[in-house]
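The values are calculated or read from the model by the stated rules, or taken from the named source; none is laboratory data. Please read these numbers as outputs of a predicted model, since none were measured by experiment. Cβ sites come from the backbone with ideal geometry, for glycine too, and all protein chains shown count toward neighbours. Remember, those area values only see protein heavy atoms, side chains included, never the ligands or the DNA or RNA. Shrake-Rupley method; radii C 1.70, N 1.55, O 1.52, S 1.80 Å.
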Amino acid sequence: MSEPGPPRPPAGTSRYTWIVGVLVVLGLAYITLNTLGTEKPGSRGVPNGRKLPPFAVPIATSKLKGDAQVDPKKACKVRGSDVLNSCQLAERGPVVLAFFATRSKRCEQQVDVMERVRRRFPDVGFAAVSVRGDRGDVRALVRRRGWGMPVGYDHDGAVTNAYAVAICPTITFARRGGVVADTSFKLLGEAALAAKIEAMR
């Protein structure tokens with residue numbers, strides 16, 4: 001029996017178009033895998049002592065559409081009930097900001113922990129940002145798990161890049177005014193999360 005040859009393009013499709021299509025699919029898969037879940041040198045969150053990179057993104061459960069605004073001259077000015085704005089969070093007090101991906105149990109569990117702990121710290125701004133993903137899935141996740149904190153939708157990954165997010169979960173802790181105090185790259189329980197918040201106040 002002769003060995004099967006290389007896969008042939010579907011009928012009616014040129015070999016060039018087929019090859020380009022395969023390369024595009026592989027490229028998208030590579031980007032998705034490397035957006036979140038692998039540690040990369042230099043991609044370890046915002047360094048301590050620096051200010052939170054400003055951003056504004058739509059609240060995932062709102063009707064507002066659009067990409068993230070990360071221009072330092074514009075982001076702080078984009079506000080509203082349907083917007084998650086990092087500048088606004090930092091003006092109110094300390095900030096605990098998590099990045100998560102849908103369909104990641106560890107990420108979901110971390111936001112669950114934040115949701116429980118945030119009730120103990122009414123002066124702290126808790127928020128989460130969904131890293132790309134399908135917005136419908138994000139909305140369903142927020143409602144299913146009963147998250148009351150604002151959850152932003154980072155459609156194009158601009159905020160994720162600005163915060164150098166490489167693994168999930170990632171939590172950035174910042175003092176009032178937005179100066180970064182710490183970043184966590186592991187799943188924190190309630191006691192550990194509360195201790196980090198106390199340490200930065």
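Here are the numbers:
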{"quantity": "Residue in region 49-64 that is under 20 Å from Thr170 (Cα atoms), modelled with pLDDT of 55 or more, open to solvent by 50 Å² or more (accessible area, probe 1.4 Å) and among the charged types (D, E, K, R) present", "calculated": "yes"}
{"quantity": "Members of region 93-134 that are open to solvent by 10 Å² or more (accessible area, probe 1.4 Å) and on the phi > 0 side of the Ramachandran plot", "calculated": "Arg103, Arg132, Gly133"}
{"quantity": "Residue that is surrounded by the fewest Cβ atoms within 10 Å (Cβ to Cβ), among those in region 150-178 that are assigned to a loop (DSSP other than H, G, I, E, B) and touching an Asp or Glu at 6+ places or on another chain (Cβ under 6 Å)", "calculated": "Asp156"}
{"quantity": "Helices (runs of 4 or more DSSP H) enclosed by region 46-147 - at least 3 residues per element that are aliphatic (A, V, I, L, M)", "calculated": "105-117, 135-145"}
{"quantity": "Tally of residues being of a type in the set (A, V, I, L, M, F, W, C) and over 19 Å from Val83 (Cβ atoms) across region 116-141", "calculated": "5"}
{"quantity": "Per-region count, region 110-140, residues within 14 Å of the chain's Cα centre (by Cα) and among the hydrophobic types (A, V, I, L, M, F, W, C)", "calculated": "7"}
